1. Before we move on, is Asp60 of a type in the set (Asp, Glu), buried (at least 24 other Cβ atoms within 10 Å of the Cβ) and within 19 Å of the chain's Cα centre (by Cα)?
2. What strands (runs of 3 or more DSSP E), lying completely within the range 1-76, carry at least 2 residues that are small (Gly, Ala, Ser)?
3. Could you list all residues from the range 231-249 that are more than 16 Å from ligand 2 (Cβ to nearest atom), part of a helix (DSSP H, G or I) and either of a type in the set (Ser, Thr, Tyr) or in contact (Cβ under 8 Å) with a residue 12 or more places away in the chain (or both)?
4. Got a sec? Which of Ser324, Ser297, Ser354, Ser318 is of a type in the set (Ser, Thr, Tyr), in contact with a strand residue (DSSP E or B) (Cβ under 6 Å, 6 or more places away or on another chain) and within 13 Å of ligand 1 (Cβ to nearest atom)?
5. Is it fair to say Ile313 is in contact (Cβ under 8 Å) with a residue 40 or more places away in the chain, within 16 Å of ligand 2 (Cβ to nearest atom) and in contact with a Gly (Cβ under 6 Å, 6 or more places away or on another chain)?
6. Identify, from the list Val266, Val228, Val253, the residue that is within 16 Å of ligand 1 (Cβ to nearest atom) and crowded, with 19+ Cβ neighbours inside 10 Å.
7. For Trp305, all conditions in the list (1) part of a loop (DSSP other than H, G, I, E, B); (2) more than 16 Å from ligand 3 (Cβ to nearest atom) hold save one; what is the number of the exception?
8. In this structure, does Ala295 turn out to be away from ligand 3 (no atom under 16 Å from the Cβ) and at pLDDT 95 or above?
Amino acid sequence: MPTYELIVKNVRVVTDKAIKESEIYVDNGKIISIGFHEPVHSADVIIDGRGMLALPGLVDTHVHFRDPGMLQKEDFETGTRGAAAGGTTTILDMPTTQPVVTNPTIFKDKLKVVEKKALVDFGLYAAAGMENMEQLHDLAKIGAIAFKSYTVSPPSERVKEYAGAVVRNTGELFHLLENSTATGLLHCIHAEDDSVVQYLTSKLQASGRKDAEAHCESRPNLAEALAVHQAIGIAEMTGGKIHLLHISTREAVQMIRSAKARGIRVTAETCPHYLFFTKGDMQKLGPYGKYNPPARSHGDIIALWEGLKDGTIDAVVSDHAPHSREEKDDGREDIWKAPPGTPGVETRLPLVLSRAMDWGLDMLDVVRLCAKNPAKIFGLEWRKGEIAEGMDADITLMDPGAVWKIKSSELQTKARETVIFDGMEVKGKIAYTIVRGRVVFEREVGFEKPGGGSFLAGQKAISDFKV
Ligand code: NCD
Ligand code: ZN
Ligand code: ZN
């Protein structure tokens, strides 16, 4: 009788096209088969999945775990614990750690620090800017998962944090994309027009505005629309492949839809906070509701859900951007003083699930948006994002019927006191999170110790590349 590493029994498995009652057999970290085996085989671990759905481990391609350099906000252990508790088995970490990941040495040093702390699998972005154009090929070779650039400048107190990742104008973005395209790696863009944001911020500040809504007014839909238009135009001319981060406006949804129809190589993501909150919530949320791009209007929320439904927006990711409560509270009297960003790595699935059905999306769509597509955009679809034979055994077991309230005090992030979804009633509770056959989170038991998460090198990695 063959022995497996893990068997999940009596479970409804969400595969690519259907949900079916089945068993999942896992060995050496891979899914060996899905079906019923007679007689029943033995395994090191057998989980009874009665009443639960088995989803592919979720993939969150946009997190800021702040490690190394800003450990008061988060670290790779607390960040990946949050991921595990939220059913996420793969995360991609942004390069705006300290120092900013602009060359292979910094990349390697970061990898050394974080791999010891990771509970789930992870990839690392590299920053791309005018100053490190010469480094892009080597960053691809050392295993960067993608490049990240900002079209908008950072708030003055965060200049160091974005150093090397900001382009100052359209021409620079064009030049940069020509170079990143030559490496073959995906280029991810935070698209907001800097000149519009600068002008409106100064104007609002000069008029004495310090309220939370002023943040939204300083970064209107126009700012995103202009930058998205430019990025798409440059992708078209260079033939480059771009991914648009945290899309929040109806204008951008329309432009992306038409760009895709014209065959331009563009993908896009949005985040739960853009699907839930509007500018009208800012008074209540205060500095905790300050993030970039900002909360929009109900019309934008409608456009985003329509975009998710018709495939214009490919993914829902968290943009988990934690800041300490003290840092955020600086913005209580004066919104300009709070750093932008909100935590969300642990709450993505229940939030999306709770609203998806109202907008005509089903469980398969949710899995497509939170696991399959994010894996595919970043070239990980051959091992992540789907429950199928031969794939990594990344499995999330969820009780789909559980209705519960998000309690920020129970979350793993160091920024738990700033969570804007606190108290919200949601559907679907994660019971087990399994990474390559190992249970890394079990709700009633806790977490596996850190260090078991594997580094996922990007598609252009060369294994014996030396720094
Ligand atoms: C992010 C952060 O804090 O790092 N903040 C945010 O408001 N989204 C940066 C970013 O993703 O642009
Ligand atoms: Zn961003
Ligand atoms: Zn971000």
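The values are calculated or read from the model by the stated rules, or taken from the named source; none is laboratory data. Since this is a predicted model, take the numbers as computed values, not measurements. Note: ideal-geometry Cβ built from the backbone for every residue, glycine included; neighbour counts use all protein chains shown.
1. On the way: of a type in the set (Asp, Glu): yes; buried (at least 24 other Cβ atoms within 10 Å of the Cβ): yes; within 19 Å of the chain's Cα centre (by Cα): yes.
The answer is yes for Asp60.
2. 30-35, 42-48
3. Start the filter on the range 231-249 by keeping residues that are more than 16 Å from ligand 2 (Cβ to nearest atom), which leaves 232-241.
Filter once more, keeping what is part of a helix (DSSP H, G or I): 232-238.
The answer is Ile232, Ile234, Ala235, Glu236, Met237, Thr238.
4. On the way: Ser324 fails: in contact with a strand residue (DSSP E or B) (Cβ under 6 Å, 6 or more places away or on another chain); Ser297 fails: within 13 Å of ligand 1 (Cβ to nearest atom); Ser354 fails: within 13 Å of ligand 1 (Cβ to nearest atom).
Sole residue among the options that is of a type in the set (Ser, Thr, Tyr), in contact with a strand residue (DSSP E or B) (Cβ under 6 Å, 6 or more places away or on another chain) and within 13 Å of ligand 1 (Cβ to nearest atom): Ser318.
5. Values: in contact (Cβ under 8 Å) with a residue 40 or more places away in the chain: yes; within 16 Å of ligand 2 (Cβ to nearest atom): yes; in contact with a Gly (Cβ under 6 Å, 6 or more places away or on another chain): yes.
Criteria met by Ile313.
6. Details: Val266 fails: within 16 Å of ligand 1 (Cβ to nearest atom); Val253 fails: within 16 Å of ligand 1 (Cβ to nearest atom).
None of the others qualify; the one that does is Val228.
7. (1)
8. Numbers: away from ligand 3 (no atom under 16 Å from the Cβ): no; at pLDDT 95 or above: yes.
No, not satisfied.
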